[in-house]
Structure formats: C-alpha cells, structure tokens
Amino acid sequence: GAGVSQTPSNKVTEKGKYVELRCDPISGHTALYWYRQSLGQGPEFLIYFQGTGAADDSGLPNDRFFAVRPEGSVSTLKIQRTERGDSAVYLCASSLDGAGDNEQFFGPGTRLTVL
Amino acid sequence: GQQLNQSPQSMFIQEGEDVSMNCTSSSIFNTWLWYKQDPGEGPVLLIALYKAGELTSNGRLTAQFGITRKDSFLNISASIPSDVGIYFCAGQLAGAGSYQLTFGKGTKLSVIP
C-alpha cells in the first residue's frame, strides 16, 4: 500500500543511548507530523513540518528531542540521552498540505522501550 | 501536554446496542475529529466536523460539533463485533501556521457477541 510507513516498528534501547526513528509519508504530502502516545493515553503532538521546515515544534518536550526533514519527504525523529520516560509509541502522520481540512493519515508507529 | 476530557473511559456493550461517547475541552476548536485505533495501528479518521452545530453521519456513525465549539459527541448505532477498538476525539485550532491535533484519552469499546 501507499500509506505512511515507519521504521523500525519496535526499538529497545538502554537509558542514555541515542535513537533515530524514521517516517516515510504518503508520496506528495507536504505536511508531516510527529506525535507521541504513552500507554493508555491519546497521541500528543510533538512537531509539524511543512515541506523541509519545522513550522511548529512547540510539542517537543525538551532539547533532547530533535526532528529533521531535509528533502521535504522522509523525516527522522532523533532522541538523545534517552530516559525511561521516553518509552512510548511514536506516531507519524502526513497530510496533503497543512490546511486544516486535510486529513492527517497516521502510520503504525514505532514502539520505543527504554530500559 | 493538554488532552481533552473524553468519556466514558471504557464500555462493554452487547452486539446490536447503540453507543455514545463524548468529549469536552476548556478551549475552543474550529475542527473536531473522531478516530478509531486498533492494536498496533495508527488512528484512522472516522468523521470530521468543521462547523459549530454540525451533525454528520458516516454509515452507523453520527457525530456532532457542539455549538460552544468546546465539545463533541460520537454515536454508533447497532454495534457489531468489528466496532471493537479505542475511539479518540481530537480538536484542531488552525491558525498561526499550525494544524496540530489535541486528542482525548480515548474510549475503549468492547462488544459482546
């Protein structure tokens, strides 16, 4: 299918390590979003890209979290010095553009476990 | 971060029964959305509402955008086993160049055949 894909599907790491999570949006979608979903909670917004630029990064919890989208397609969420509290499912979504009435299509997520 | 107040937290119903769930917010939104999430999957959009007071149906699903713009409800009629899953409301306040969604904590629906 041509949906949003995320890799890896699962990532187990040790506290203090660095991780990268990848998102491949639907082809042609210029808007890309990252959300974090903790167990038993709804997704929480992290960052929104329009093209290559981060239009809104107000949801990033601290400076250990960083995301890039250098060519306006694939995006990578980077977490430095991981902590146990970072354990969650990281969801990526894309939409045709950033307009409010364009549906955000979600990927299956990457489950991150920090030991 | 902020999460919307969604209730009930979970529901056990008999197949064929109707279901109702709602969502409230302390702040206004100009779009309300309802999603369904199955285990191991991302949320999938069920219904989108763009105007205060709007009532929209999608098959057995009906949702309304509250007139105050601070609440929404979702009804599912004649539930079937495949309705099992977690339902999330989400609000969007488009403006200042951001279209982030604010989600509720979810309603877990179980359908007893």
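Every number here is computed from the coordinates shown, using simple stated rules; none is lab data. Everything quoted here is computed from the prediction, not taken from an experiment. Cβ coordinates were reconstructed from backbone atoms using ideal geometry, including for glycine residues, and neighbour counts include every protein chain displayed.
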TODO: Sticking with the crude label model, points 7 Å out along Cα→Cβ, report the distance from B:VAL84 to A:THR76 in nm, one decimal please.
DONE: 4.0 nm
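If you take the square roots of the eigenvalues of the alpha-carbon gyration tensor of region A:58-104 and sort them as a ≥ b ≥ c, do you get rounded (a/c under 1.5), prolate (a/b over b/c) or oblate?
Values: a/c = 2.47, a/b = 1.82, b/c = 1.36.
Verdict is prolate for region A:58-104.
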TODO: Starting from the alpha-carbon convex hull of chain B, give the projected area averaged over all orientations, in nm².
DONE: 7.0 nm²
Task: Selection of trypsin sites (Lys or Arg not before Pro), region B:55-113, meeting DSSP coil and at most 14 other Cβ within 10 Å - done: B:ARG60
Task: Potential lengthening between A:LEU39 and A:LEU96 on full extension [0.36 nm per residue; Cα-Cα distance subtracted] - done: 17.6 nm
Task: Within a Gaussian network of chain B (alpha carbon springs, distance under 10 Å), most fluctuating of B:ALA63, B:ALA78, B:ALA52 - done: B:ALA78
Open item on the list: Just to confirm my numbers, what's the Cα centroid distance between region A:59-96 and region B:1-32 in Å?
Closed with: 27 Å
- [ ] Output ³J(HN,Hα) for region B:49-66: one whole-Hz value per residue in order, computed from phi by the Karplus curve 6.51 cos²θ - 1.76 cosθ + 1.60 with θ = phi - 60°, and x for Gly and Pro.
- [x] 10, 10, 9, 4, x, 5, 10, 10, 10, 9, x, 7, 9, 9, 9, 10, 9, x
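Using a 10 Å cut-off around each Cβ, can you sort B:ILE67, A:ILE26 from fewest to most neighbouring Cβ atoms?
Values: B:ILE67 10, A:ILE26 18.
So the residues, fewest neighbours to most, are B:ILE67, A:ILE26.
Taking 0.36 nm per residue of sequence separation and subtracting the Cα-Cα distance, how much length would be gained by fully extending the chain between B:ASP38 and B:TYR50, in nm to one decimal?
On the way: separation 12, 0.36 × 12 = 4.32 nm, distance 2.50 nm.
This chain segment gains 1.8 nm when fully extended.
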Open item on the list: Quick check on the protein assembly as shown: what are the equivalent-ellipsoid semi-axes from the Cα gyration tensor, as sqrt(5λ), descending, whole Å?
Closed with: 29, 20, 16
Open item on the list: At a threshold of 8 angstrom on Cα-Cα distance, excluding pairs fewer than six apart, so keeping six or more, what relative contact order does chain A reach in percent?
Closed with: 36 percent
Open item on the list: Taking a ≥ b ≥ c as the square roots of the Cα gyration tensor eigenvalues, with a/c under 1.5 meaning rounded and otherwise prolate when a/b beats b/c, else oblate, which class fits chain A?
Closed with: prolate
